[in-house]
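What follows draws every value from the coordinates through simple rules; no lab data is involved. The shown structure was predicted, so the numbers you read here are calculated from the model rather than taken from an experiment. Using ideal geometry, Cβ is built from the backbone for each residue, glycine included, and neighbour counts are taken over all protein chains shown.
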Amino acid sequence: MSSQAPEERKRRKIRLEDLLNNNIWDVDPRPHIKLDTSKCRDCNYKPCVLLCPTGCYTTHGDDVLFSYEGCVECGTCRVVCPEEAITWEYPRSGRGIHFRFS
C-alpha cells in the first residue's frame, strides 16, 4: 500500500500540444505524404481532417489542405481515407519526428 495521499497519486493531465512540444522534427524537404486532392473533393466525410492527432489536415471549402511538417507518422490518415487519396511512406532515414518523453 502506498504511503502517498490520494492527491499525490493523481496523474497530471497533459495536453497533446504540450506533449508534442517535447519532440523534435527534422523535416525532410521532400514530403513523405502525398495527397490526391481531386479524390478528396468526392469524399463526404473527410475523416483525415477529423482524426489526424496533430491537425495536419484542414478543409477550405470542399478542398482538403495538408501540411506534413507537424506529422507524427502514425499513419492514421492512410488507414481512414475511404478514397485512397493518400500515399504515405516513412520519411527518409534520420528525418521526421524524434520522440522525446519527459
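Taking the fewest neighbouring Cβ atoms within 10 Å as the starting point, the ordered list for THR37, THR54 is THR37, THR54. For ARG30 and THR58, the difference between the fully extended length at 0.36 nm per residue and the C-alpha to C-alpha distance is 8.0 nm.
By the beta-carbon count within 10 Å of each Cβ, the least crowded to most crowded order of VAL27, VAL49, fewest first, is VAL27, VAL49.
Considering only alpha-carbon pairs that sit under 8 angstrom and 6 or more positions apart, the relative contact order computed for the stretch 28-98 is 42 percent.
In a DSSP loop and with at most 16 other Cβ atoms within 10 Å, the chymotrypsin sites (Phe, Trp or Tyr not before Pro) in the stretch 43-74 are TYR45.
A Förster radius of 41 Å, combined with the Cβ-Cβ distance separating THR87 from ARG11, puts the computed FRET efficiency at roughly 0.60. Restricting the trypsin sites (Lys or Arg not before Pro) of the stretch 30-102 to loop positions (DSSP other than H, G, I, E, B) with no more than 16 neighbouring Cβ atoms within 10 Å leaves ARG41, ARG92, ARG95, ARG100. Taking a straight Cα-Cα cut-off under 20 Å and skipping sequence neighbours fewer than 8 places away in the same chain, the aspartates and glutamates within cross-link reach of LYS10 are ASP18.
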